[in-house]
Amino acid sequence: MTNLERFHARISQHELYSADDPVVERVLKDLATQRIVHVSQKDGGTQIKLVIDYPRNVQALFKPMRFPREQQTLPNHFYFTDFERHTAEIAAFHLDRLLGFRRAMPVTGRVLNMTTELYELAEGELLKTFFVSPSNNLCFHGKCSYYCDTAHAICGNPDTIEGSFAAFLPTKEVAVRKVWRHPWRRSYHKRRKAQWEQDSDYCSLVRDIPPYDQGRRLLDLMDMAVFDFLMGNMDRHHYETFRVFGNDTFPLHLDHGRGFGRPFHDELSILAPVLQCCLIRQSTLATLLRFHNGPRRLSDLMRESMAVDPVAPVLWEPHLTALDRRVKIVLQAVRDCLAKEDNVDAVVQNDLT
Ligand SMILES: Nc1ncnc2c1ncn2[C@@H]1O[C@H](COP(=O)(O)OP(=O)(O)OP(=O)(O)O)[C@@H](O)[C@H]1O
Ligand SMILES: [Mn+2]
């Protein structure tokens, strides 16, 4: 049995892995060091992603590096035109784990030889998109709906490139997933707003609709909002759950390539679920208070957690500073709710009964 198979076998109704499971580090190590035997394009999704095959049916989802760590979201880009960042995928896994959620698949960085580990292992449509640039670097662009053309090619230096490798979820044959529309989804249109942006009472609508009317799901959305606010991810349009576990299960934290783009800006609208519902899970609040009161700040814990990654330092320092600043902002939002609601139990909750 491979480490990834072992990881899959231990996924529970409540979390992807348990806090002390050594298999997580083993999966990360495998993805970072095992021989790659085949690469192909992942279909579906808007930007280029490769499926990486290792021996014994182990697979990873690869997102390539496009820009240096200091590059911020381009000022005239929307959240839905922002380029994906491989470092955001890596950092989001560490952040999810430090928050105690354990709802994100393990992700590691890895430096690749593009010639031997991509070009020579690709075929078909993907292979046809490889070329050598005027400065003699090896490049490819793949086929997809956003940024898959010569002008937006992914280039090595001269044929070395780094990327993120996310452990593959169990296949559909093993575990079918259900896709849910996020109630606080943005409009994905440059001139239109979503209903939640115009209706301050939007949360009371959501609270009445299954699966948000009972159990853990509404609190899971609050967790997701905190997680996304901390990293600045505005791209949470859908989420997925494992169908076998029914409704009383955790939402997977997938697709964080657009996080960590604007370290000097705190996007409060990402926190809208928490602000509009005035709700937070008790254990999540306790975790944020621990980051705030110390002894270890979130930035220090993130720096330490990511230090062992093959492409460390994963994040530009301003992103770590932003994390500590945003923890304070979430805590202040909770304080404001408590002052307004005068009932602590309405704001700070465990699963709804
Ligand atoms: N670790 C993983 N293993 C297997 N499949 C995954 C994994 N992470 C994401 N996926 C699947 O791959 C698809 C695309 O991934 P992702 O959301 O990262 O790409 P995207 O281009 O941002 O897609 P979209 O444009 O729809 O947001 C998703 O439908 C998701 O179900
Ligand atoms: Mn996406």
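Taking region 19-33 as the range and being assigned to a loop (DSSP other than H, G, I, E, B) and over 19 Å from the mean Cα position of the chain (by Cα) as the test, the residues that pass are D20, D21, P22.
Kindly evaluate Y119 against the criterion of being free of Cβ contacts under 8 Å to residues at least 60 places away in the same chain, within 20 Å of D30 (Cα to Cα), more than 12 Å from ligand 1 (Cβ to nearest atom) and among the aromatic types (F, W, Y).
Spelling it out, it is not the case that Y119 is free of Cβ contacts under 8 Å to residues at least 60 places away in the same chain, within 20 Å of D30 (Cα to Cα), more than 12 Å from ligand 1 (Cβ to nearest atom) and among the aromatic types (F, W, Y).
For region 244-270, taking the residues that are crowded, with 20+ Cβ neighbours inside 10 Å and more than 13 Å from the chain's Cα centre (by Cα), the one that is farthest from ligand 1 (Cβ to nearest atom) is identified as P263. May I ask you to verify whether Y79 is modelled with pLDDT under 95 and surrounded by 17 or more Cβ atoms within 10 Å (Cβ to Cβ)? Considered against the rule, which asks whether it is modelled with pLDDT under 95 and surrounded by 17 or more Cβ atoms within 10 Å (Cβ to Cβ), Y79 comes out as yes. In the set (1) under 17 Å from the mean Cα position of the chain (by Cα); (2) closer than 21 Å to A333 by Cβ, the condition left unmet by D309 is number (2). For region 37-76, the candidate set comprises residues that are within 16 Å of ligand 2 (Cβ to nearest atom) and surrounded by fewer than 13 Cβ atoms within 10 Å (Cβ to Cβ); within that set, the residue that is modelled with the lowest pLDDT is G44. What are the residue pairs meeting all of these: first residue in region 155-174, first residue within 16 Å of ligand 2 (Cβ to nearest atom), second residue of a type in the set (S, T, N, Q) and outside any loop (DSSP other than H, G, I, E, B), Cβ atoms under 9 Å, and 6 or more apart or on different chains? Filtered contacts from region 155-174: S164/T87; S164/T108; A166/T108.
Within region 58-77, which residues are within 13 Å of ligand 1 (Cβ to nearest atom) and over 17 Å from the mean Cα position of the chain (by Cα)? Scanning region 58-77 gives V58, Q59. For region 34-51, a tally of residues being in a loop (DSSP other than H, G, I, E, B) and more than 13 Å from ligand 1 (Cβ to nearest atom) returns 4.
Looking across region 173-215, the residues that are aliphatic (A, V, I, L, M) and either part of a loop (DSSP other than H, G, I, E, B) or surrounded by 12 or more Cβ atoms within 10 Å (Cβ to Cβ) (or both) come down to V174, A175, V176, A194, L205, V206, I209. Here A153 meets each of (1) under 27 Å from A88 (Cβ atoms); (2) touching an Asp or Glu at 6+ places or on another chain (Cβ under 8 Å) with one exception, condition (2). Could you please find all residues in region 216-243 being in a helix (DSSP H, G or I) and within 16 Å of ligand 1 (Cβ to nearest atom)? Answer for region 216-243, where residues must be in a helix (DSSP H, G or I) and within 16 Å of ligand 1 (Cβ to nearest atom): M224, F227, D228, M231, R243.
When restricted to residues that are under 23 Å from R56 (Cβ atoms) and part of a loop (DSSP other than H, G, I, E, B), region 154-172 contains 5. Of everything listed in (1) surrounded by fewer than 21 Cβ atoms within 10 Å (Cβ to Cβ); (2) of a type in the set (G, A, S); (3) part of a loop (DSSP other than H, G, I, E, B), the single unmet condition for A151 is (3). All conditions but one from (1) over 30 Å from R185 (Cβ atoms); (2) within 16 Å of ligand 1 (Cβ to nearest atom) apply to R85; the one that does not is (1). Beta carbons closer than 8 Å, at least 6 apart along the sequence or on distinct chains, never pair a first residue in region 295-320 that is closer than 19 Å to N233 by Cβ and among the charged types (D, E, K, R) with a second that is at pLDDT below 95 and part of a helix (DSSP H, G or I). Looking across region 204-243, just one residue is under 13 Å from the mean Cα position of the chain (by Cα) and basic (K, R), and that is R236.
Please verify whether L16 is surrounded by 13 or more Cβ atoms within 10 Å (Cβ to Cβ), in contact (Cβ under 8 Å) with a residue 40 or more places away in the chain, under 18 Å from the mean Cα position of the chain (by Cα) and not in a loop (DSSP other than H, G, I, E, B), treating the condition exactly as stated. Answer is no for this residue.
Conditions tested, residue by residue: (1) within 20 Å of K178 (Cβ to Cβ); (2) within 16 Å of ligand 2 (Cβ to nearest atom); (3) at pLDDT 95 or above; (4) of a type in the set (K, R).
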| site | (1), (2), (3), (4) |
| --- | --- |
| W196 | no, no, yes, no |
| Y202 | no, no, yes, no |
| I209 | yes, no, yes, no |
| D213 | yes, no, yes, no |
| R216 | yes, no, yes, yes |
| A225 | no, no, yes, no |
| M234 | no, yes, yes, no |
| Y239 | yes, yes, yes, no |
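The values are calculated or read from the model by the stated rules, or taken from the named source; none is laboratory data. Keep in mind the model is a prediction, meaning the values are calculated, not measured. Ideal geometry is used to build each Cβ from the backbone, glycine not excepted, and the neighbour counts take in all protein chains shown.
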